[in-house]
Every structure is written in C-alpha cells, then in structure tokens.
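> To start, I am sharing the structure in question, which I have written as structure tokens.
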Ligand code: URA
C-alpha cells in the first residue's frame, strides 16, 4: 500500500529540516567539518541516491557528489540515461569524516554510531520525498538504508522492499570504481554499475 499523504508543504518542511541539519551536533563529526552537506534535488524526484559522506570537495562546496567520485557518478548516470536533475542525491553521513596529514585531509570511513546518529536525517529526507526508488551506493549507504550491515556482492542486482514503501537497491560506490587499479577490471565493474543504473532508471520512469 502507498504511504499516507504527507501533511503540509513539502518544500517548507524540507527547508526546515535542512536548516536544522545545518546545526547538527548529533555526533562529534561536526567539530572538524566545514559544514553539513545536506541532500539536494527536486522534492518530487522518483529516485533518491544515497552516498557515504561528503568528501573534501563536497565539504568545502556544501553540495553532495561534486568531487572526483561525483564526476564519475555524473558520467555513469548520463550513460545509463538518468538525468541527475530529476534525482535527489544525499549521503548517509552529512559531515566529512577525515584525518589531517599536513595540509591534506584524508577521508575516513564513518563508523556505525555515526551512521546511526545521521539516520535521523536520512529517514526524514526519505519520508518527506516518498520516492519510488532509493539506491544505496556502497556499504555505508546500504547500512543506513537497511539498518543492518549487508554485503554489496550478495545484495546488489535485485530490488528490496523497504518499510517506507519504496523499492530499495544496493550497488557499489563510485569511489570503489575510482580505486580499482586494474584497467580491465575497472572497465568491467564500471559497465556493470552503468547497467544497474540503467535498470534502476527504467523502473523509476
Ligand atoms: N562520496 C560520497 O559518498 N558522497 C559525496 O557526496 C562525495 C563523495
């Protein structure tokens, strides 16, 4: 059954939620990050993508998926026939977790307590948008979406019924593709990612 109609004005509710998230202190990650990077995209998007957390460039820009992983993601979406402008893109964790090495800020994978603390926002984003499909990019996003740890290899490729009424999908994170050292494997994995996105995009139509 379809979830009940959302009361009030979605744009107003989303703006208030985002504003509240800007001051989030639900876990210590806000202390070292530049800003909260909230989700963005049309509130009537049929498709929501969840990443892991903002990276260095996202932390500075205040927008999700604008750095190297975002560029790979953009190209893959385009090849799969998905218009990013019609999707809502967010992250499981909304502050950049990192370690300083001199001037460089090195990404650190968020841990379960941080993911759980930040689900407060993700759940509300999904409840507000009520998308048809929600796609978790990588293990952190999958944990946030499903509330438990899953193996990407075993979970990808078929839809999952979510409590929200949406259809859930799990696939790899674009950074996983960026990091693959072997060009042949990289091309293969990238093609698989694009094919999964194509299937997802078709179902969101
Ligand atoms: N990786 C993510 O998971 N999210 C971003 O916003 C950028 C990189």
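Read-outs: derived from the displayed coordinates by stated rules, not from any lab. In this text, all values refer to a predicted model and were calculated from it rather than measured experimentally.
> Per DSSP helix of 4 or more residues, -39500 (n - 2.57); summed, then divided by the residues of the chain. What does that give at 222 nm, rounded to the nearest 500?
Value at 222 nm, helices only, nearest 500: -13000 deg cm²/dmol.
> Could you grab the relative contact order for region 10-203? Cα pairs under 8 Å, six or more apart, rounded to a whole percent.
Reported as a whole number, the value is 23 percent.
> Hey, another quick one. Quick check on region 8-100: take the gyration tensor over C-alpha atoms, sort the square-rooted eigenvalues as a ≥ b ≥ c, and tell me if it's rounded (a/c under 1.5), prolate or oblate.
The shape class here is oblate.
> Provide, as a two-decimal number, the C-alpha radius of gyration of the chain over 2.2 N^0.38 Å, N being how many residues it has.
0.98
> Also: Please report the spacing between the Cα centers of region 60-114 and region 164-205 in Å, no decimals.
If you average the Cα positions of each part, the centres end up 15 Å apart.
> Still on this structure: Taking a ≥ b ≥ c as the square roots of the eigenvalues of the Cα gyration tensor of region 104-205, is the shape rounded (a/c under 1.5), prolate (a/b larger than b/c) or oblate?
Oblate, since a/c reaches 1.5 and b/c is not below a/b.
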